[in-house]
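Peer 1: Structure provided below as structure tokens; questions to follow.
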Amino acid sequence: MSFASSRITILFLLYLFSQISLAAELPVNENNSANNTPSVKARLASRSLLLDIAIVGGNKLVAVGEHGHIILSSDAINWQQAAVPLQITLTSVFFYNSKLGWAVGHDATILHTKDGGLKWQIQQHKPELEKPLLDIVFKSPQEGVAIGAYGLLFRTQDGGKTWQNEFHKEFLLPDNAKYLAKLKQEDEEAYLDEASTILSHFNRLVMDGRTLYMVGEIGLIAKSNDFGRNWHRFDEIYQGSFFDIARTQQGNLLVVGLRGHVFRSLKNGILWHQRQTNTTALINDIVLSGDERIFLLGNNGTLLESIDDGQSYRLRVQKDGKSLIAGVWFNKQLIVVSDVGIKKIFL
């Protein structure tokens with residue numbers, strides 16, 4: 001069994017807290033539960049916990065977070081709340097174009113929009129799994145992959161009408177692979193139970209041309225040239241979790257993770273070099289600006305800025321100390337989501 005990363009632990013705690021809170025607020029009704037109750041319109045939704053943000057069509061922002069909140073803005077100042085059919089915490093959002101988008105979250109939930117984010121429909125909701133999905137990517141309007149805790153990976157080839165769960169044994173440690181093979185022969189039920197929790201957490205997916213990259217727990221960095229059907233795992237460079245990977249403006253790769261760890265590769269992941277950050281904060285996200293600056297967003301208000309393609313970093317800690325969870329470069333500004341909602345970072 002793998003140890004849970006800090007970010008995953010936070011998500012599970014949020015899940016438990018939200019279920020307890022909603023159970024206390026909702027009337028008891030066998031046809032009504034916290035899992036199937038539509039998200040409530042909230043005046044302060046833009047100041048609540050938000051976990052991801054995306055640019056849609058070049059001129060609109062969509063952010064997602066707790067209680068099923070999905071908010072939209074064209075100026076990062078005024079926000080409109082979308083109609084969402086569930087109150088669960090949403091962890092990631094992805095748009096294929098200006099109309100088609102998907103969001104994922106707790107209970108292996110996948111939501112879909114056809115109108116740029118104003119209205120959302122449920123494509124998958126599996127509270128019985130008790131696991132969050134953490135990221136989703138589409139390579140075409142029909143083909144998509146969603147990933148999450150304990151090696152969850154769902155695939156669709158029909159735009160999300162149906163999703164198939166895949167178990168990728170190539171991520172098993174050798175001892176675990178032998179253990180599962182033996183268990184499968186002896187006890188099928190026990191095998192299925194163990195297989196559902198034995199893999200590391202999959203944290204982030206990034207499309208880079210025809211290559212799909214994935215990072216996760218216990219130093220996981222992997223790539224796929226067939227959209228996640230088969231994976232090549234890179235040699236381990238660090239035993240802690242990674243939370244994002246990106247290709248810089250000059251064509252190099254960066255990965256970021258626990259305790260301020262940043263690694264840079266000049267050769268597409270064959271060789272990695274650790275970079276000095278002068279922080280031990282968890283780094284959540286990589287944001288590329290329009291002027292070749294690179295920003296790394298971290299917990300405890302940590303902001304790292306690089307002007308030399310990720311070789312060195314200037315540490316800029318935000319005074320309020322709030323976690324910077326995800327961000328985008330929008331209208332020449334760094335717009336970030338945090339545990340207190342939308343934040344503009346003044347540079």
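Peer 1: If you put +1 on each Lys and Arg Cβ and -1 on each Asp and Glu Cβ, how big is the dipole of the chain around its Cα centre, in Debye rounded to 20? Write out the running numbers ahead of the final one.
Peer 2: On the way: 35 positive and 35 negative charges, 242 e Å.
Here the size comes out at about 1160 debye.
Peer 1: Moving on. List, in the order given, every pair from K60/K332; K41/K319; K126/K161 whose Cα-Cα distance in the structure shown is over 22 Å. All intermediate terms of the calculation are to be shown ahead of the outcome.
Peer 2: Values: K60/K332 14 Å; K41/K319 30 Å; K126/K161 15 Å.
Where the Cα-Cα span goes over 22 Å, the pairs concerned are K41/K319.
Peer 1: Applying the Karplus parametrisation 6.51 cos²θ - 1.76 cosθ + 1.60 with θ = phi - 60° to the phi angles of region 338-345, what ³J(HN,Hα) value in whole Hz is obtained for each residue in order, glycine and proline being reported as x?
Peer 2: Result, ordered by residue: 8, 6, 10, x, 6, 10, 9, 9 Hz.
Peer 1: Apply the a/c threshold of 1.5 to the C-alpha gyration tensor of region 214-347 and tell me whether it is rounded, prolate or oblate. Numbers along the way, then the final one.
Peer 2: On the way: a/c = 1.67, a/b = 1.56, b/c = 1.07.
Judged from the Cα gyration tensor, region 214-347 comes out prolate (a/c at least 1.5, a/b above b/c).
Peer 1: Taking 0.36 nm per residue of sequence separation and subtracting the Cα-Cα distance, how much length would be gained by fully extending the chain between Q274 and N225, in nm to one decimal? Show your work: numbers first, answer last.
Peer 2: Working: separation 49, 0.36 × 49 = 17.64 nm, distance 2.58 nm.
Net length gain for the segment: 15.1 nm.
Peer 1: Among V287, T277, L266, pick out the residue whose Cα is farthest towards the positive end of the charge dipole of region 241-294, where Lys and Arg carry +1 and Asp and Glu carry -1 on C-beta, about the Cα centre.
Peer 2: Ranked along the dipole, the leading option is L266.
Peer 1: While we're looking at this one, here's another question. Which of G321, G117, G240 moves most in a GNM of the chain, Cα contacts under 10 Å?
Peer 2: Between G321, G117, G240, it is G321 that shows the largest mean-square fluctuation.
Peer 1: I've got another one for you. Can you list residues from other chains, or at least 5 along the same chain, whose modelled amide H is less than 5 Å from the amide H of L282?
Peer 2: R259, G260, N299
Peer 1: Continuing with the same structure: Between E128 and K322, what length in nm is gained on full extension when 0.36 nm per residue of separation is reduced by their alpha carbon distance? Intermediate values should be presented prior to the final figure.
Peer 2: Details: separation 194, 0.36 × 194 = 69.84 nm, distance 3.25 nm.
That pair, E128 and K322, stretches by 66.6 nm at full extension.
Peer 1: Using alpha carbons only, how many angstrom separate the centre of region 156-182 from the centre of region 225-254?
Peer 2: 19 Å
Peer 1: Another one. Mark the label point 7 Å from the Cα of S140 along Cα→Cβ and return the residues of region 150-180 whose backbone N is within less than 18 Å of it.
Peer 2: Of the residues in region 150-180, 155-164 have backbone N under 18 Å from the label point off S140.
Peer 1: Let me ask something else. Say R0 is 35 Å: what FRET efficiency, to the nearest 0.05, do R233 and D193 get from their beta-carbon distance?
Peer 2: Values: r = 25 Å, r/R0 = 0.70.
The calculated FRET efficiency here is 0.90.
Peer 1: What does the net charge come to around E305 if you take all other residues with beta carbon closer than 9 Å to its beta carbon, with K and R at +1 and D and E at -1?
Peer 2: Working: positive: R293, R314, R316; negative: none.
Summing Lys and Arg as +1 and Asp and Glu as -1 gives +3.
Peer 1: Let's test the formula: R0 of 56 Å, r as the Cβ-Cβ distance of Q333 and Q185. What FRET efficiency results, to the nearest 0.05? Could you put the intermediate results ahead of the total?
Peer 2: Numbers: r = 58 Å, r/R0 = 1.04.
Efficiency computed from Cβ-Cβ geometry: 0.45.
FYI, it's all coordinate maths here, none of it is from the lab. Quick caveat: nothing in here was measured; it's all calculated off a predicted structure. All Cβ positions, glycine included, derive from the backbone under ideal geometry; neighbour counts span all protein chains shown.
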